[in-house]
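Following: one structure in structure tokens, then a few remarks.
The values are calculated or read from the model by the stated rules, or taken from the named source; none is laboratory data. Owing to the predicted nature of the structure, the values given are computational and were not obtained by experimental measurement. All Cβ positions, even for glycine, are placed from backbone atoms using ideal geometry, and neighbour counts span all protein chains on display. Accessible surface is based on the protein model in full, side chains and every heavy atom, while ligands, DNA and RNA are left aside. Shrake-Rupley method; radii C 1.70, N 1.55, O 1.52, S 1.80 Å.
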Amino acid sequence: MGDENKPSQTPKLDELEKGPWPSFVREIKRAATKSPMARDLLGVLELSYEEKVGHWKHGGIVGVRGYGGGVIGRYSDVPEKFPNVAHFHTLRVNQPAGWFYRTEALRAICDLWERHGSGLTNLHGSTGDIILLGTRTEELESTFADLTKAGFDLGGSGSDVRTPSCCVGPARCEWACYDTLNFTYDITMHFQDELHRPAFPYKFKFKASGCPNDCVAAIARADLSIIGTWRDEIQIDQAALKEYTENGIDIQADVCERCPSQCMSWNGKELRIADEWCVKCMHCINAMPKALRPGQERGAVILIGSKAPIVQGAMLSSVLVPFMKMEPPYTELKELVGKILDLWSEEGKSRERVGEFIQRVGLGNFLEAIGLEPKPEMVAHPRENPYVFYEEYFEEEPEAASETEG
Amino acid sequence: MADTVAERKTDIGPPHYEKFLPPVVKANYGKWKYHEIVQPGVLVHVAESGDKLYTVRAGTPRLLSIQTIRELCDLADTYSDGYLRFTSRHNIEFLLTDPDKVGPLIIELTTRGFPVGGTANAISSMVHTQGWIHCHSAATDASGIVKSVMDELIGHFQTMELPAKLRLALACCLNMCGAVHCSDIAILGIHRRPPKVDQEKLSKICEIPTVVASCPTAAIRPKRINGKETVEVIEEQCMFCGNCYTVCPAMPLSNALNDGVSIWVGGKVSNARHAPMFSKLAIPYLPNNPPRWPEVVAAVKNIVEVWAKDARKYERMGEWIERIGWPRFFQKTGIPFTKQHIDDFRHAGLTYQRSVHIKS
Ligand code: SF4
Ligand code: SF4
Ligand code: SF4
Ligand code: SF4
């Protein structure tokens, strides 16, 4: 920054340029060589490092015409000191499924962001979007125009369908039990309106993982978690097992004894799996990818409701459909989601995620409202308390009386 | 308005992923047979067809300048025919078909400061959030702590000698952008002072019923002060979640004297072996001590080292703790167990020890 003879304006941040892990301070400084915004970001961040508090204010409503989401408004609370970041709005740009790029596409984004913003990005944000970090209100429309010209569109924010994301799936992973990329692209397009125009009680996230390893943390981070699985037998290549034993895997100790279902046996030559007890956890397959593969009858478990703590506490998703075939055009799933969104939009309270909504009305009632049968796979165990609700009860019929009268 | 909207391109959605798949991926899409880890940070996927795809994975700071993205694009043009991808944990991956280019690419990445690794039984890049760089509700910074922790633990990124994978994550407030609540070790920014109501501002910019309804513990009550409708906070009932501040900017919680960091352990999202688990509280509070947060770095390092030494092969943090029990966890790590460790929110009773199964 600035004149070489002057002492550094950012002594605290300079400390974070040292050390072997790639430095975000170096990134901000790199952008600052061209962008006054990045220069002032450095200044405001140094101030936060001195004072141990942030200097950003709520955004209010900013965005591009016709969209209600995709831009996070942000203003500095010290604009006099750092006028170039007085506005510092962020655009969420919907990433390609699986986060694959050709360099031309990334360069196009760099070029437009050089013209319109701070030159700083996150690859990627927590929901999965490309994050373009920091620009002024008056730049939003022109940035958006250049983005669509480059073939990109905004992602979600606020109380809308958030940008769906997925694992690398069949593009590179032999364990993918359905086509996570195709599915993610398909529902992203299906829900464009819901994604760009917030109209729900709160956010709604989709995450698609191809197998129970759940590389995109769908079970912890998505209102609707679609996790690949199979329901026939694990495919075994007995010959390849030998290779693993020769390479230091102790199949008995490392695989059989670690199986949560205790459904595997190894006699030194042959591996047997009692598939009817297998819970499809992936451990054995992870340990020996050359020898074991998921079965051939593949689909996904559909789970619902996970979220971070705000408002009523953190939740993991729980089973809604124990097994669903996942083939385009995903009609069964779309119909189910449609019913869920309708019900929750109608009856959910403001800032109530669908998981919290289900807790409030009860999973049983929720299932009834969306037309799903209760199944034992949906619960860890049946209720322990006897406080059961029945909507109706019988009354003694006044039969005798009516007879005498007749 | 309607006609101008029609002129613009809207709702085009993301580019179709197929445009960005390398030819070898397109040719073998859904037909991968198995993979091997050649060395830390290098995977080879073998297809039914016999084709091989080499992936070189490197850590990034997540916050990237366009200058650096262009530099990474240059590398992709030279080594991987202009194709690259990112992982859910902010790693960059180059997809190569020529095994002879793997070595030179690793040298380029390493000299340019991008460590290669993050595969198998390693620490992968930390999922993290915006912190003081961009967020209004941050109780701590994100990038600064991540940088400091990873500087210390980078050895475990570049090797694969841990008992199992170790997933680290950071969120700078309870909103938890990022799956920190199911991580092996989570660093979470916390506020510890109730919101200070800005009476003047509140009556102008916030709706009182919304503010009152936002509080999960009913700590906010409507109140009339000097003839103005505003609210008051019953401070003993506040657990500093920040939800009121999210709906009403006149309820700020941030405070340099009280904000800081908590550490959570033993969560996972993968179903492998043990079912997914939440992380549990290990250290209720550590101070914000920028630029390098030495207390946080030391605490994380200690937990990693104790686990790495003690866990059995394949045992994730949470699986290890379940085997040895929480008393041993606190004993072995030397972390004091306090009142704050005991849950007192809804269903807290389910977390009490309701048996006499006690290891002594
Ligand atoms: S979730 Fe499963 S299918 Fe998807 S990338 Fe991870 S291991 Fe592969
Ligand atoms: S997938 Fe898991 S439960 Fe099934 S056999 Fe393998 S280790 Fe056992
Ligand atoms: S975790 Fe909290 S402070 Fe951090 S980016 Fe998310 S909302 Fe902002
Ligand atoms: S911070 Fe949370 S608990 Fe405290 S008053 Fe606000 S909403 Fe209530």
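No disulfide-compatible partner, judged by a Cβ distance under 4.7 Å, exists for the following cysteines of chain B: B:CYS73, B:CYS135, B:CYS172, B:CYS173, B:CYS177, B:CYS182, B:CYS215, B:CYS238, B:CYS241, B:CYS244. Could you pull out every one of the lysines with an alpha carbon less than 20 Å from that of B:LYS201, ignoring same-chain neighbours closer than 8 positions? Here the lysines satisfying the reach criterion relative to B:LYS201 are A:LYS57, B:LYS223, B:LYS228.
Using the Cα gyration tensor of chain B, with a ≥ b ≥ c the square roots of its eigenvalues, what is the shape: rounded (a/c below 1.5), prolate (a/b larger than b/c) or oblate (neither)? Working shown, then result.
Details: a/c = 2.20, a/b = 1.35, b/c = 1.63.
Since a/c reaches 1.5 but b/c is at least a/b, the shape of chain B is classed as oblate.
At a probe radius of 1.4 angstrom, the accessible area of segment B:91-217 per residue rounds to 30 square angstrom. Scaled to the globular estimate 2.2 N^0.38 Å, the Cα spread of segment A:21-100, given as radius of gyration, is 1.26. Between B:LYS301, B:LYS268, B:LYS33, the residue with the greatest mean-square fluctuation in the GNM of chain B (Cα pairs under 10 Å linked by springs) is B:LYS33. The overall shape of segment A:11-149 is oblate: from the C-alpha gyration tensor, with semi-axes ordered a ≥ b ≥ c, the ratio a/c is 1.5 or greater and a/b is no larger than b/c. By the rule of a C-alpha distance below 16 Å, with chain neighbours fewer than 8 residues away ignored, the lysines paired with B:LYS359 are B:LYS332. In summary, the lysines within cross-link reach of A:LYS205, defined as a Cα separation below 19 angstrom excluding same-chain residues under 8 places away, comprise A:LYS307, A:LYS334, A:LYS339, A:LYS349.
A compact globular protein would have a Cα radius of gyration near 2.2 N^0.38 Å; the ratio found for segment A:235-293 is 0.98.
Using θ = phi - 60° in the Karplus curve 6.51 cos²θ - 1.76 cosθ + 1.60, the 3J(HN,Hα) couplings for segment A:68-84 round to x, x, x, 10, 9, x, 8, 10, 7, 8, 10, x, 5, 6, 10, x, 6 Hz; x is entered for Gly and Pro.
Helix B:66-79 and the longest principal axis of the Cα set of chain B meet at an angle near 20°.
For segment A:282-404, the equivalent ellipsoid built from the Cα gyration tensor has semi-axes of 38, 21, 17 Å, listed from largest to smallest. Ordered from largest to smallest accessible area (heavy atoms of protein chains, 1.4 Å probe), the residues A:HIS89, B:HIS35 come out as B:HIS35, A:HIS89. Using a 1.4 Å probe over protein heavy atoms, the accessible area lost on pairing B with A, summed over both chains, comes to approximately 10400 Å². Our helix-only sum for chain B, with -39,500 (n - 2.57) per DSSP H run of n ≥ 4 divided by its residues, gives a mean residue ellipticity at 222 nm of -8000 deg cm²/dmol. Residues of segment A:59-82 whose accessible area (probe 1.4 Å, heavy atoms of protein chains only) drops by at least 30 Å² once all protein chains are present, relative to their chain alone: A:ARG65, A:ARG74. Summarising the overall dimensions of the protein assembly as shown from its C-alpha atoms, the Rg and Dmax are 26.5, 112 angstrom.
Within segment B:1-152, the ratio Rg/Rh, alpha carbon atoms throughout and Rh by Kirkwood, equals 1.05. Looking at this model, which pairs from B:LYS165/B:LYS313; A:LYS280/A:LYS325; B:LYS280/B:LYS339; A:LYS34/A:LYS149 are more than 20 angstrom apart at the alpha-carbon? Violating the 20 Å Cα-Cα cut-off are A:LYS34/A:LYS149. For the residues A:PRO294, A:PRO83, A:PRO212, a GNM of chain A with alpha-carbon springs under 10 Å puts the largest fluctuation on A:PRO83.
By its C-alpha gyration tensor, with a ≥ b ≥ c as the square roots of the eigenvalues, how is segment A:279-345 shaped: rounded for a/c under 1.5, else prolate for a/b larger than b/c, else oblate?
oblate
Near A:GLY54: Cβ cut-off under 10 Å, other residues only, Lys/Arg at +1 and Asp/Glu at -1. The net charge is -2. Ordered from longest to shortest, the equivalent ellipsoid semi-axes for chain A are 46, 34, 20 Å, each the square root of 5 times a Cα gyration tensor eigenvalue. For segment B:181-259, the fraction of alpha-carbon pairs lying more than 20 Å apart is 33 percent, rounded to a whole number.
Across the accessible surface of chain A, with the other protein chains kept in place and a 1.4 Å probe, carbon and sulfur atoms take up 50 percent. Computing Rg and the Kirkwood Rh from the Cα coordinates of segment A:86-197 gives a ratio, Rg/Rh, of 0.99.
Computed over neighbours whose Cβ is under 14 Å from that of A:GLY371, the net charge equals -3, Lys and Arg +1, Asp and Glu -1. Between the amide H of A:TYR75 and those of A:LYS57, A:PHE88, distances stay under 5 Å, these residues lying 5 or more places away or on another chain, with hydrogens modeled in the peptide plane.
Averaged per residue, segment A:11-149 has 32 square angstrom of accessible surface, using a 1.4 angstrom probe with ligands and nucleic acids left out. The calculated 222 nm mean residue ellipticity attributable to helices in chain A amounts to -9000 deg cm²/dmol, summing -39500 (n - 2.57) over DSSP H runs of n ≥ 4 and dividing by all residues.
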